[in-house]
Protein chains: 2
Amino acid sequence: MDTDERIALAMAELLRKQGYAATGINQLARAAGAPTGSLYHHFKGGKREIAAAALRQTGAAYIQLLPLLLDAHDDLATGIESLFAEAAEDMRDTGWANMCPVGTVTAETADTEPELRKVAAEVMETWVEVGSRYFTARGLSEADSRTVVFAVLSALEGAFILARGMRSAEPFRAAGRTLGTYVASLRDEQPKTPARTRAQTGQRHHAPVPRGESPGPPRARQTPNAAG
Amino acid sequence: MDTDERIALAMAELLRKQGYAATGINQLARAAGAPTGSLYHHFKGGKREIAAAALRQTGAAYIQLLPLLLDAHDDLATGIESLFAEAAEDMRDTGWANMCPVGTVTAETADTEPELRKVAAEVMETWVEVGSRYFTARGLSEADSRTVVFAVLSALEGAFILARGMRSAEPFRAAGRTLGTYVASLRDEQPKTPARTRAQTGQRHHAPVPRGESPGPPRARQTPNAAG
DNA sequence: CTCCCGGTAGAACGGTCTCTCTAGAGAGAC
DNA sequence: GTCTCTCTAGAGAGACCGTTCTACCGGGAG
């Protein structure tokens, strides 16, 4: 692997674990197996530029997981629920450490590092674009696709944080269930009509959601038990 | 205001904006209007202890907003949606800077500062407890209450991050809509503890809702710590 | 051989970090 | 007046920060 890729990868790993400010250049050099001079040879912009490269790299990799995980499910609602379950499993297996560095860095530096905030915004916009294209391809209206993408991303990032703090998979279960239910309600509400009407009327979602007989809504209610 | 409170408050503000690692003791001293020595006089544990106090203080203030904002709505679903709308408005009004310090610090330090992670976990567990008690009082089953609380908290924290990065209120709109829909679906699905009766008779909830457990509940607007 | 060059090394620099230390102001007791 | 205790005040210690700088290595061109 090329040195610059290795550096960016090591940076992504450190950002994921401890954020931007706490990650030192020397620590990064050690982790990447490169001397300090090499870091500045490959990235003239120093720490900031390396972090930007790491964010872009990670962002591109993460959004590929969306189709990868959802394609396996014919029903989008169950697919989304299992996506959250997978994320939870992954976090638990890595000792509640596996978190998206984009979220961490954004939370930490949005006010103090304008350049990094811009990079994070670009990454997120790519996520929204790619994701909403995918959901549109799976049959949702454009407006609904956008809503679902934003909701999924928000819930994921938030569940990362809660799970990381509480060392519990419960945030993922809850987020997965609510989003699965929402997507199911979209499917049941408008089997074929272009959702333009629903989106325009706006307040419609407070009306009773038809939950009649449906092939595969998220599974029946279960009592949430604390995950150790 | 007492010096130690002022210190913790200034710390909360800084954590909110730039996280734990990037916040220096001297910067904090300047912000709090206290010399370095006073910081260590009031908090022998130094930076870490001040951060812990700030997290506890903020956490207690934030969860009070839940009943404060939701009590205004007879319908829980619309209440939740408007809660997200309020959060979005507040962030926009503060230049996309108003974020929960608990989330930022957890994301940043969960692996490197075990003590802070534990404090964050306690705060989050309090949120879940208080919140699920509230939703139970509003007519949801205990299991549903817990799910809704986790989903709301996850979506909120995640929307904070996305909105902060993208400078857009869209994450809040999407999260509010999906969660409103979910709560509405719960209401429509199991009218055995009839929400209708509750709404019509005007006999409104609040039996065991914890109110006034603190001398000064925050204002109805978000930013319980509005002392820049 | 020399010259050049992408890349590897890491020492050195000025600055900032957290934390400790000493000094003293102010109030109350005697 | 002195003694004590709480809190303010900030200089200083020692470590580490991001960055820059110089030195070195290997190999293709002349």
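The values are calculated or read from the model by the stated rules, or taken from the named source; none is laboratory data. Quick caveat, the model's predicted, so the values are computed rather than measured. When we count neighbours, we look across all protein chains shown, and the Cβ atoms used for this are built from the backbone with ideal geometry, even at glycine. We work out accessible area using only protein heavy atoms, side chains counted, and drop any ligands, DNA or RNA first. Shrake-Rupley method; radii C 1.70, N 1.55, O 1.52, S 1.80 Å.
Against the definition (modelled with pLDDT under 85 and basic (Lys, Arg)), how does A:Arg138 come out, yes or no?
Values: modelled with pLDDT under 85: no; basic (Lys, Arg): yes.
In short, no.
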### A:Arg16 in contact with a helix residue (DSSP H, G or I) (Cβ under 7 Å, 6 or more places away or on another chain), within 16 Å of DNA strand C (Cβ to nearest atom) and over 30 Å from A:Arg187 (Cβ atoms)
no
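Name the helices (runs of 4 or more DSSP H) wholly inside region B:32-128 in which the number of residues that are open to solvent by less than 40 Å² (accessible area, probe 1.4 Å), more than 16 Å from DNA strand C (Cβ to nearest atom) and not aliphatic (A, V, I, L, M) is 3 or more. Lay out the reasoning, then the answer.
On the way: elements: B:36-42, B:46-63, B:65-70, B:76-93, B:101-109.
Those helices (runs of 4 or more DSSP H) span B:46-63, B:76-93.
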### Message
I'm checking my understanding of the structure. Among residues of region A:133-142 that are within 14 Å of another protein chain (Cβ to nearest Cβ) and buried (at least 16 other Cβ atoms within 10 Å of the Cβ), which one is nearest to B:Leu162 (Cα to Cα)?
### Response
A:Phe135
### Query
What is the number of the single condition among (1) within 9 Å of chain A (Cβ to nearest Cβ); (2) in contact with a Phe, Trp or Tyr (Cβ under 8 Å, 6 or more places away or on another chain) that B:Ile161 does not meet?
(2)
## Note on the structure
Just one listed residue, out of A:Ile25, A:Ile7, is more than 10 Å from DNA strand D (Cβ to nearest atom), of a type in the set (Val, Ile, Thr) and farther than 19 Å from B:Ala107 by Cα, and it is A:Ile7
